[in-house]
1. Any idea which residue in region 101-120 is surrounded by the most Cβ atoms within 10 Å (Cβ to Cβ), counting only those that are farther than 21 Å from Ile185 by Cα and hydrophobic (A, V, I, L, M, F, W, C)?
2. Quick one: Asp159 ticks every box in (1) more than 24 Å from Met107 (Cα to Cα); (2) surrounded by fewer than 15 Cβ atoms within 10 Å (Cβ to Cβ) bar one, so which box is it?
3. Look at region 82-124 and say how many of its residues are in a loop (DSSP other than H, G, I, E, B), under 17 Å from Glu16 (Cβ atoms) and among the acidic types (Asp, Glu).
4. Against the definition (closer than 28 Å to Pro120 by Cα, assigned to a helix (DSSP H, G or I), without any contact (Cβ under 8 Å) to a residue 60 or more places away in the chain and not acidic (Asp, Glu)), how does Lys171 come out, yes or no?
5. Looking at Ala203, is it over 14 Å from Ala9 (Cβ atoms) and of a type outside the set (S, T, N, Q)?
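We did not get these values from a lab; they are worked out from the coordinates using the rules stated. Remember, predicted model here, so these are calculated numbers, not experimental data. All Cβ positions, glycine included, derive from the backbone under ideal geometry; neighbour counts span all protein chains shown.
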Amino acid sequence: MIDIPHIVAHRGASIEAPENTIAAFRVAGARGAKWIECDVTLSADDKCVLIHDDTLERTTNGTGTIHHSDFDTLRNLDAGGWFSDIYKGERIPSLKDTLETLYFMDMGANLEIKPSGCNPVRLCEEVIKELRTSKTVPPILISSFDDTAVAHMRKHMPDLPCGWLLETLPKNWKAEYARLGASAIHIDHKALTPVSAAEIVDAGVPLVCYTINDVERAKELFSWGVTSVITDDPAKLLMAIPRRPFAAHR
């Protein structure tokens, strides 16, 4: 398992800059974050782009479905004006742009594979192609809610750590985790209890939680043995928790 920092910036410093943009990644780095989390999906012409939703309306001035728009169309959209006039003209990044930016900023990425309507295997193949051909690849941890994507990435890039994303913890999580060959569990922090967290941690499974903006909640999760928390506000959490805390003795 790659050594992921204890604080990871959710879609960049998304409380200060438009999510999943180069600007948000740069702000995260300026605030001291060493890693960002971001979402990758495919354009209509199978180019890897960073955006969370499967539609364009919330975070751009475009309309419709991402997967029905080609790369050039997506790149001409404004992905920053919705957040603030300061960021007008910010673009939807390509995966290539993102890898290069993070590499030269000495930052890593939790790259979420997000099919959102496109073929998950096709998306994985394009991500794999980008990672294999790029000369500027930062430390990477893949994650996905899509079981097919997790299994495919583990099969074809076995040396790349891959987290299994969950909203709730299934009763048979150990069997499914083993079947997928995952290397971490990423879960909504609201789904955890001290007991379920202990079960995961005691099994030797790295535990990553999303999305935590409250300092006291982050400290509580760390006391349960959580490896990393993903936050919209890395500046606040890093100021309050500058180093990875030791888990409380159980």
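1. The qualifying residue surrounded by the most Cβ atoms within 10 Å (Cβ to Cβ) is Leu102.
2. (1)
3. 1
4. No, not satisfied.
5. Taking the combined requirement at face value, the residue satisfies it.
Yes/no matrix, rows are residues, columns are (1) within 14 Å of Ile4 (Cβ to Cβ); (2) not charged (D, E, K, R):
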site	(1), (2)
Val150	no, yes
Pro161	yes, yes
Glu167	no, no
Pro170	no, yes
Glu176	no, no
Pro206	yes, yes
